[in-house]
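S.K.: I'd like to ask you about the structure that follows.
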Number of protein chains: 2
Amino acid sequence: MTARAIHHVGVVVEDLDPVVETYERLLGGQLELRRTVEALGIEAAVIRFGDDRVELIAPLGDDSPLAGFLESRGPGLHHVAYEVGDVRGTLARLKEQGVELVDEEPRIGIFGHEIAFVHPDSVHGVLTEVVAGG
Amino acid sequence: MTARAIHHVGVVVEDLDPVVETYERLLGGQLELRRTVEALGIEAAVIRFGDDRVELIAPLGDDSPLAGFLESRGPGLHHVAYEVGDVRGTLARLKEQGVELVDEEPRIGIFGHEIAFVHPDSVHGVLTEVVAGG
């Protein structure tokens, strides 16, 4: 695959409001969108810096996969997402290369585009997302 | 301060060569530079994706601050760096706002530009770097 760009950096937080405020006030970012995705068990806010984005994600409840992340590691960096032309084709090519996928099929992310996660064991410890380009 | 863009995402690795190969082969990134900085105790490689960058950093020896990070957390995401117009002025404004700084004075990073780190406790668990725009 060829990633055209980094689409966003994903950061896990406990509670969105104070973190959005920090990214706006300290770093001068601008809130691009805020959305709750029950199916993913998350609430998210996206902060823009020019063409770049930080995606802040908070667990919706104790069942959310992010709740376990927060408990074991605390708030902080979670994943890097790359923009690709075609998520399904990318997954097929990665699988051919022996890459361990979290998502065998694309699902719809908070931007309304197809996304999929690649297991960190295949990317030297970094949870890696691919996102369909806008 | 106003960050214009995300300059790079920093990732700690044990050994640069296999990770550079993974980012080139799996993700289609292009090696932009590779440099050893004895003063920082690191060896670094920068991978480009369009206008975006992943900075892979490996400890030079057991004394490197990164050696402790690897021991406690393993390889993975380490920091996010934002491009600013003026690192010294940014540090002064952050300090006025009560932000905890790792570097009170700018130092020179692997790109040859002024950089400084902001303590993760002031950014909800994310080690944050500011880099002078090129």
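S.K.: Post the alpha-carbon centroid distance, the range B:1-55 to the range A:98-134, in whole angstrom.
M.R.: The two parts, judged by their Cα centres, are 20 Å apart.
S.K.: Sticking with this one: Roughly how many debye, to the nearest 20, is the charge dipole of chain B about its Cα centre, given +1 on each Lys and Arg Cβ, -1 on each Asp and Glu Cβ, and no other charges?
M.R.: Around 420 debye, computed over chain B.
S.K.: Over chain A, with a Gaussian network built from C-alpha contacts below 10 Å, which listed residue (A:His124, A:His113, A:His78) shows the highest mean-square fluctuation?
M.R.: A:His124
S.K.: If you build a Gaussian network model of chain A, linking Cα atoms that sit under 10 Å apart, which residue out of A:Gly28, A:Gly112, A:Gly98 swings the most?
M.R.: A:Gly98
S.K.: Place the label 7 angstrom along Cα→C-beta at A:Arg73 and in each other copy, then list the distances from the first to the rest in nm, shortest first.
M.R.: Distances to the matching label points in the other copies: 0.8 nm.
S.K.: Next up: Rounding to the nearest 20 debye, state how big the charge dipole of the range B:55-111 is about its Cα centre with +1 on each Lys and Arg Cβ and -1 on each Asp and Glu Cβ.
M.R.: Numbers: 5 positive and 11 negative charges, 29 e Å.
So the dipole magnitude of the range B:55-111 works out to roughly 140 debye.
S.K.: Hey, another quick one. What's the magnitude of the charge dipole for the protein assembly as shown around its Cα centre, counting Lys and Arg as +1 and Asp and Glu as -1 at the beta-carbon? Answer in Debye, nearest 20.
M.R.: Charge dipole of the protein assembly as shown: 660 debye, to the nearest 20.
S.K.: Let me ask something additional. Counting only Cβ atoms, what residue of chain A lies nearest to the axis that sends chain A onto chain B, and how many whole Å off?
M.R.: Smallest Cβ distance to the axis, with its residue: A:Leu77, 2.
S.K.: For the protein assembly as shown, what does the equivalent ellipsoid look like in terms of its semi-axes, each the square root of 5 times an eigenvalue of the Cα gyration tensor, given largest first in whole Å?
M.R.: On the way: eigenvalues 143, 107, 60 Å².
Semi-axes (√(5λ), whole Å): 27, 23, 17.
S.K.: Working from the alpha-carbon coordinates of the range A:1-55, get Rg over Rh, Rh being the Kirkwood radius.
M.R.: Values: Rg = 12.1 Å, Rh = 12.1 Å.
Computed over Cα atoms, the ratio is 1.00.
S.K.: Provide a whole-number value for the mean count of partner chain Cβ atoms within 10 Å of the Cβ atoms in peptide A:5-16.
M.R.: 3
S.K.: Moving to a separate point now. Per DSSP helix of 4 or more residues, -39500 (n - 2.57); summed, then divided by the residues of chain A. What does that give at 222 nm, rounded to the nearest 500? Don't jump to the answer; show the numbers that get you there.
M.R.: Numbers: 3 runs with 29 residues, N = 134.
Rounded to the nearest 500, the figure is -6500 deg cm²/dmol.
S.K.: Find, to one decimal place in angstroms, the Kirkwood hydrodynamic radius of chain A, where the mean of 1/r is taken over every pair of different Cα atoms and then inverted.
M.R.: 15.2
S.K.: Taking a point 7 Å out from Cα toward Cβ as the label site, list the nm distances between B:Gly50 and the same residue in every other copy, smallest first.
M.R.: 1.3
S.K.: For chain B, set up a Gaussian network in which alpha carbons nearer than 10 Å are linked by springs, and say which option among B:Leu70, B:Leu26, B:Leu101 fluctuates the most.
M.R.: B:Leu26
S.K.: Once the label point is placed 7 Å from Cα along Cβ, list for A:Gly61 the distances to the corresponding points in the other copies, in nm, shortest first.
M.R.: 5.4
Each reported figure results from applying straightforward, stated rules to the coordinates on display, with no laboratory input. Everything numeric here is computed off the predicted structure, so don't read it as measured data. Using ideal geometry, Cβ is built from the backbone for each residue, glycine included, and neighbour counts are taken over all protein chains shown.
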